[in-house]
Amino acid sequence: MTNFESNSLLTMSEVNVGFFTGSSIINAVDNVSLHINKGEVFGLVGESGSGKTMTALSIMRLVPPPGRIISGEVLFEGNDLLAIPEKQMEFVRGKKISMIFQEPMTSLNPVFRVGDQVAEILSIHTELTKKEVEEKTIDLLKNVGFDEPRQKYNQYPHQLSGGQRQRILIAISMACNPSLIIADEPTTALDVATEGQILCLLQDLVQKNRMSMLFITH
């Protein structure tokens, strides 16, 4: 095995995504190829509507209907994510690959405490007890910069600022220590000062946990 192969994490090869509208197909992603190594931060830059988010969703196999992944290959840790069964893909999402969405208010459920929403991913993908899940969630909230994590655990999304809600999404994405985080314009809805704080936080967390990141921006 070459060093290139041993260091490889994700390789997209000629991925095409189209939206089927009656008799026509609208191309959203056209022959996209990229390669991300272990521990690498990879920037995907493009104007609005260029297909950046659809590229990310195709990795997660979450392209919304009537969209469809038409062709291509997405190799992650040696497995083609476009070919594995959905049950296996459910294991990959959240545990191996996680995604930070660009709008924290619509990404969080308004009727559940933010702590419960962080804890949910741990309950799904780990065998921790209920008490251990709660303590792990408190640690995650502390790690993303909350001074009073136990208090924040019990709050609801509408009680938090935009920057605080984005920190919750980051905590969710980091919960299972994934190999790859996809950050889809994570600072779009934030003011400049908060944007800088979130970018520094992401950089520190990725370096500390030796993760890879696909960072999408315009």
Discussion item. Give me a comma-separated list of calculated 3J(HN,Hα) values for the stretch 73-88, in order, Karplus coefficients 6.51, -1.76, 1.60 applied at θ = phi - 60°, integers in Hz, x for any Gly or Pro.
Written reply: 9, 10, 8, 10, 6, x, 10, 7, 5, 7, 10, 6, x, 4, 4, 5
Response to the item:
The helix 130-143 Cα axis meets the longest alpha-carbon principal axis of the chain at an angle in degrees, between 0 and 90 and rounded to 10, of 80 degrees
Worksheet entry | Equivalent ellipsoid semi-axes - Cα gyration tensor, the stretch 142-218, angstrom | 20, 16, 11
Worksheet item: LYS152: which lysines have alpha carbons under 30 Å from its alpha carbon, excluding same-chain residues fewer than 8 sequence positions away?
Response: LYS95, LYS96, LYS130, LYS131, LYS136, LYS142, LYS208
Worksheet item: Using 1/(1 + (r/R0)^6) with R0 = 30 angstrom and r between the beta carbons of HIS218 and GLU148, what's the FRET efficiency to the nearest 0.05?
Response: 0.30
Response to the item:
Using alpha carbon centers only, the stretch 145-200 is separated from the stretch 24-40 by a whole-angstrom value of 26 Å
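Could you list the GluC sites (Glu not before Pro) in the stretch 81-190 that lie in coil according to DSSP, counting only those with at most 10 other Cβ atoms within 10 Å of their Cβ? Spell out each step's value before the answer.
Working: sites: GLU86, GLU90, GLU120, GLU127, GLU132, GLU134, GLU135; in loops: GLU127.
Passing both the DSSP loop test and the Cβ count: GLU127.
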Discussion item. Rounded to two decimals, what is the ratio between the C-alpha radius of gyration of the stretch 44-138 and 2.2 N^0.38 Å?
Written reply: 1.28
Worksheet item: Which residues make up the longest stretch of the chain clear of trypsin sites (Lys or Arg not before Pro) that lie in a DSSP loop with no more than 15 other Cβ atoms within 10 Å, not counting the sites?
Response: 39-209
Discussion item. Taking the square root of 5 times each eigenvalue of the Cα gyration tensor, what semi-axes in Å does the equivalent ellipsoid of the chain have, largest first?
Written reply: 29, 20, 18
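Hey, how much of the P(r) for the stretch 1-69 falls beyond 16 Å, as a percent of Cα pairs?
54 percent
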Fill in: Share of carbon and sulfur in the accessible heavy-atom surface of the stretch 1-68 [1.4 Å probe, %]
53 percent
Worksheet item: Given a 1.4 Å probe, how much area per residue of the chain is accessible, in Å²?
Response: 52 Å²
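Cα-Cα pairs above 15 Å in the stretch 46-102: how many percent? Could you put the intermediate results ahead of the total?
On the way: 809 of 1596 pairs.
Distances greater than 15 Å cover 51 percent of the Cα pairs.
The values are calculated or read from the model by the stated rules, or taken from the named source; none is laboratory data. The shown structure was predicted, so the numbers you read here are calculated from the model rather than taken from an experiment. Here Cβ is always computed from backbone atoms with ideal geometry, including for glycine, and neighbour counts include all displayed protein chains. Each accessible area value is taken on the protein alone, full model and side chains, heavy atoms only, with ligands, DNA and RNA left out. Shrake-Rupley method; radii C 1.70, N 1.55, O 1.52, S 1.80 Å.
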